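The values are calculated or read from the model by the stated rules, or taken from the named source; none is laboratory data. Worth saying up front: this structure is predicted, and the values here are computed from it rather than measured. Backbone-built Cβ (ideal geometry, glycine too); neighbour counts: all protein chains shown.
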Protein chains: 2
Amino acid sequence: MPEHHLSKKAFKRQRAELNEALLEAQYELRKANKGPVLVLVSGNDNGGKAEAIYSFYEWLDNRFLDTRAFALPQGIEQRMPHLWRYWISLPGPGKLGFYLGSWYHQPQIRYCRGEINAEAFQLQMEEIARFERLLSEEGVALVKLWLQIEQPSGGEGAAQELEQSVVMREWGDLGSVDHEQVMTSTQLMSELTSTPWAPWIAVPSDDAHYRDIRVGQIVLQQIHQLLDKQTKRPAPTPLLPAPLVRLQQVDYCLKLGKQQYKQQLRHYQAELRELVRHPAFAERSLLLVFEGTDAAGKGGAIRRITQCLDPRYMRVHGTRAPTHEQRLQPYLLRFWRRVPTPGRVAIFDRSYYGRVLVERVERFCSRRQWQRAYDEINDFEAQLSAKGTLVLKFWLAITQDEQLRRFKARERSPLKHYKLTEEDWRNRERWPHYEQALNDMLAHTDTVLAPWYIVPAENKRYARVEALKIVCQALRQALK
Amino acid sequence: MPEHHLSKKAFKRQRAELNEALLEAQYELRKANKGPVLVLVSGNDNGGKAEAIYSFYEWLDNRFLDTRAFALPQGIEQRMPHLWRYWISLPGPGKLGFYLGSWYHQPQIRYCRGEINAEAFQLQMEEIARFERLLSEEGVALVKLWLQIEQPSGGEGAAQELEQSVVMREWGDLGSVDHEQVMTSTQLMSELTSTPWAPWIAVPSDDAHYRDIRVGQIVLQQIHQLLDKQTKRPAPTPLLPAPLVRLQQVDYCLKLGKQQYKQQLRHYQAELRELVRHPAFAERSLLLVFEGTDAAGKGGAIRRITQCLDPRYMRVHGTRAPTHEQRLQPYLLRFWRRVPTPGRVAIFDRSYYGRVLVERVERFCSRRQWQRAYDEINDFEAQLSAKGTLVLKFWLAITQDEQLRRFKARERSPLKHYKLTEEDWRNRERWPHYEQALNDMLAHTDTVLAPWYIVPAENKRYARVEALKIVCQALRQALK
């Protein structure tokens with residue numbers, strides 16, 4: 001009797017038990033609004049990838065199952081970051097998502113065809129490992145299955161089998177791939193992406209009964225772990241204390257006279273209008289992040305920029321406190337859904353930096369959450385940047401006195417009184433806390449690919465022209 | 001001094017007033033979570049369509065503006081109902097949406113190129129009028145602007161001008177269009193779609209100042225109307241009293257023995273597996289709606305169907321009570337987002353029929369809302385059907401006694417106890433009300449294109465095979 005085999009009788013008994021346990025677990029998962037649980041099904045085509053998924057449709061409530069098969073990227077998908085399409089289609093909490101052709105397949109195929117070298121492949125595997133860590137940290141459970149046909153012969157057979165495992169039937173004829181490459185890529189993939197929170201699990205699949213029971217057990221265990229919060233994760237990297245240098249250097253006296261302002265505004269607005277019409281911009285995109293204390297003048301600075309842009313290809317996204325549904329999902333998700341496609345401009349009036357600012361200070365998230373957010377955000381921006389998005393971030397800086405003056409002016413103004421809320425006054429009292437948070441943010445997320453610009457905004461005219469000028473300079477440089 | 005002209009001084013004064021009023025109105029709109037307000041901007045290219053929109057970006061909070069320019073349908077859009085892409089991209093409440101190239105443009109272009117005849121064009125205009133009526137009823141305000149250059153010359157000039165108005169620059173060269181057709185189409189469009197709740201409004205646009213102020217005033221007025229709920233709408237068509245015939249004819253004694261069941265199940269499952277693999281199905285799609293009282297066996301019947309389908313191309317959608325966000329939007333929106341694309345199957349376990357069943361009985365919606373829903377649903381299904389979706393609807397019927405037996409069995413079963421809630425017992429007490437609602441639903445929405453099948457479900461085996469058989473028969477017929 002082979003080792004990984006089940007008799008029909010044993011199968012029937014085990015299946016009945018498993019069915020009951022899985023149904024109960026699925027219900028608990030939904031009730032707790034935990035998850036989703038993502039099950040990546042890879043391995044040999046003749047290992048029964050589809051069949052392993054069918055079992056769950058037999059057992060569980062089909063309304064909360066969601067199977068996705070991604071073909072090779074097409075159209076807009078090719079022009080966006082590799083992980084974009086997986087982000088924007090992430091199943092909601094309480095769901096069980098099955099992936100055929102997951103985020104591993106494209107890099108593997110490209111490597112096996114010789115389109116990317118080992119180094120590029122390795123970088124992509126590392127990117128994936130970070131993506132999976134983020135998902136895991138944000139409460140998404142991952143089960144990565146490798147359905148394996150046990151191989152008595154070895155040699156040529158083994159290589160062919162691995163090749164099959166990579167080349168999915170539905171992707172059509174992909175031309176010849178190199179057997180050596182297939183071996184190496186699978187090896188590398190396993191080494192680089194088998195983490196404590198998302199290990200690859202091999203499932204002997206010669207016997208269909210054994211395979212189905214085994215897969216069911218693994219998924220069940222993962223749901224239990226998620227419900228019990230047993231998942232082990234590494235401690236976050238300790239943060240270096242950030243010196244308060246940059247903010248102290250802000251020169252709040254910088255200002256522009258009315259005439260200078262008019263003239264420079266006209267000049268840079270004309271330039272920006274031309275830059276976004278440049279043929280090269282059709283292949284790029286622009287993401288502008290505006291942050292700043294309340295009443296720092298974000299809206300006004302943004303409007304001086306949008307005046308130059310065609311409303312059809314531009315969106316300003318305000319960032320409000322997350323809704324109940326959004327809170328149950330990874331915090332970066334709603335921003336991934338808003339990133340600009342080629343030829344377009346997205347402007348965030350407040351942004352994902354909320355996690356390391358307001359959410360940190362007001363304790364809407366845990367220490368662990370905001371501490372790991374720096375790396376996650378850097379990674380997010382780097383992925384966009386790698387695909388041609390120019391990411392520029394602005395902090396509009398005003399003094400506490402100036403803020404008070406503006407609050408009082410708002411109270412009196414019929415056009416602006418509604419902008420002032422109780423919350424604004426409360427936030428004001430936490431000024432030193434915000435200053436610390438801001439400082440850490442600058443220290444950890446000011447990168448070459450996505451720099452922070454601190455713009456003194458005590459004088460609105462100066463700040464507006466300055467932001468506009470920076471956008472023009474960066475865009476001019478990028479389109480060269 | 002021409003009639004539709006503003007001096008620079010008058011413009012400046014009026015603009016300041018309008019700016020303040022619009023800003024206030026935009027704030028009120030957001031605070032009340034009303035809308036969205038959709039502004040369709042049509043007319044001459046040299047009438048300044050884009051410029052008219054720019055003004056709002058100068059005046060208002062850009063975070064709540066949303067400009068959309070739809071090109072001619074491409075890819076999947078061509079294979080879905082004409083209005084699908086407008087449905088799935090509808091701005092949320094509190095927003096002001098500007099449309100360039102709205103739902104009017106494609107029919108107009110096709111008519112002017114001679115691709116569709118006058119009758120087909122008229123049908124499309126009527127479909128649009130119903131769409132706009134639905135939006136208006138559901139709290140979406142519509143402003144349809146026609147920017148008009150006043151024409152002293154007339155004749156050839158007028159025709160050319162109208163032609164320009166249809167052919168948008170960004171759609172590229174569309175070949176020659178017939179001037180006569182352009183005149184007729186614009187005339188017909190105006191006649192058929194100028195309704196009290198969404199009239200076409202001509203704006204003389206020779207003078208840019210006059211145009212911008214006029215457009216601003218019209219939008220302001222529309223927001224005020226929406227906030228005051230002043231919108232005039234026609235009384236809903238009175239409902240014919242529906243005889244209780246069909247439900248009384250249900251034969252609850254129909255049943256299947258275990259052997260017959262096994263055999264017939266195997267037979268029809270094999271047939272369904274083949275039918276969905278038929279090459280012709282790649283151009284069609286299947287939408288199955290399952291409704292029925294609690295414990296009627298919807299889940300079990302659905303599973304016997306999903307067992308035959310490839311999980312990659314199939315989704316089962318459960319319909320829960322709408323979330324707070326969903327309640328602020330047209331009720332059909334979340335179902336439009338889930339309709340199947342070509343080659344795919346969508347199964348609704350409960351559906352949009354909730355509006356005329358549970359929402360009616362439990363008074364979650366007004367009488368007016370559920371009364372008009374019959375026509376709206378018929379229209380929705382007809383649009384899907386016209387593009388090749390096979391729509392089949394099942395009512396699983398059980399007696400009150402059988403329901404009680406199943407509730408009690410659920411209480412005892414470890415696999416099913418969680419299915420039973422307090423709500424189920426409460427609903428049970430309203431049985432006669434549900435019966436009346438069901439009866440009206442059948443009387444008003446059993447159409448040739450999207451028929452209702454009443455399946456006796458007192459015997460689960462019978463109901464499962466019966467539903468499967470009906471799907472097979474209808475699909476076989478459709479793929480011929």
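Brief remarks follow.
- Those helices (runs of 4 or more DSSP H) of segment B:44-107 in which at least 1 residues are touching a residue at least 60 places away in the same chain (Cβ under 8 Å) and of a type in the set (Lys, Arg), considering only elements entirely within it, cover B:49-59, B:76-79.
- Pick from segment B:176-194, criterion modelled with pLDDT of 90 or more, buried (at least 16 other Cβ atoms within 10 Å of the Cβ) and in contact with a strand residue (DSSP E or B) (Cβ under 9 Å, 6 or more places away or on another chain), ranking: farthest from B:Cys112 (Cα to Cα): B:Thr193
- Residue match in segment B:103-112 (condition: under 25 Å from B:Ser205 (Cα atoms), surrounded by fewer than 19 Cβ atoms within 10 Å (Cβ to Cβ) and either within 14 Å of another protein chain (Cβ to nearest Cβ) or more than 19 Å from the chain's Cα centre (by Cα) (or both)): no
- Selection from segment A:207-229 of residues that are of a type in the set (A, V, I, L, M, F, W, C) and either farther than 16 Å from A:Leu147 by Cβ or not in a helix (DSSP H, G or I) (or both): A:Leu220, A:Ile223, A:Leu226, A:Leu227
- Residue within segment A:13-29 that is more than 14 Å from every other protein chain (Cβ to nearest Cβ) and closer than 19 Å to A:Tyr99 by Cα present: no
- When A:Arg63 is tested against the conditions (1) closer than 21 Å to B:Arg315 by Cα; (2) within 23 Å of the chain's Cα centre (by Cα); (3) facing chain B (nearest Cβ under 9 Å), the lone failure is (2).
- The residues of segment A:229-281 that are modelled with pLDDT of 95 or more and either within 30 Å of A:Ser366 (Cβ to Cβ) or acidic (Asp, Glu) (or both), listed by number, are A:Glu271, A:Glu274.
- Test: A:Ile116 is within 30 Å of B:Ile347 (Cα to Cα) and either away from chain B (no Cβ under 12 Å) or without any contact (Cβ under 8 Å) to a residue 24 or more places away in the chain (or both): no
- So A:Thr323, is it in the same structural domain as A:Leu384 (by TED's automatic domain parsing) and closer than 30 Å to A:Phe131 by Cβ: yes
- The single condition among (1) charged (D, E, K, R); (2) more than 29 Å from B:Arg372 (Cα to Cα); (3) within 30 Å of the chain's Cα centre (by Cα); (4) modelled with pLDDT of 95 or more that B:Arg214 does not meet is (3).
- Test result for A:Asp173, out of contact with any His (no Cβ under 7 Å at 6 or more places or on another chain), modelled with pLDDT of 90 or more and either closer than 29 Å to A:Lys12 by Cα or in a loop (DSSP other than H, G, I, E, B) (or both): no
Per-residue answers, yes or no, for (1) without any contact (Cβ under 8 Å) to a residue 60 or more places away in the chain; (2) within 14 Å of chain A (Cβ to nearest Cβ); (3) part of a loop (DSSP other than H, G, I, E, B); (4) in contact with a Leu (Cβ under 7 Å, 6 or more places away or on another chain):
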{"residue": "B:Arg355", "(1), (2), (3), (4)": "yes, no, no, no"}
{"residue": "B:Phe380", "(1), (2), (3), (4)": "yes, no, no, yes"}
{"residue": "B:Leu384", "(1), (2), (3), (4)": "no, no, no, yes"}
{"residue": "B:Leu392", "(1), (2), (3), (4)": "no, no, no, yes"}
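- Residue in segment A:370-377 that is under 18 Å from the mean Cα position of the chain (by Cα), in contact (Cβ under 8 Å) with a residue 12 or more places away in the chain and within 13 Å of chain B (Cβ to nearest Cβ) present: no
- Residues that are more than 25 Å from the chain's Cα centre (by Cα) and surrounded by 21 or more Cβ atoms within 10 Å (Cβ to Cβ) were ranked within segment A:277-297; the one that is farthest from the other protein chains (Cβ to nearest Cβ) is A:Thr293.
- When restricted to residues that are within 19 Å of the chain's Cα centre (by Cα) and of a type in the set (Gly, Ala, Ser), segment A:72-100 contains 3.
- The residue of segment A:332-353 that is farthest from the other protein chains (Cβ to nearest Cβ), among those that are more than 15 Å from A:Lys387 (Cβ to Cβ) and part of a loop (DSSP other than H, G, I, E, B), is A:Leu332.
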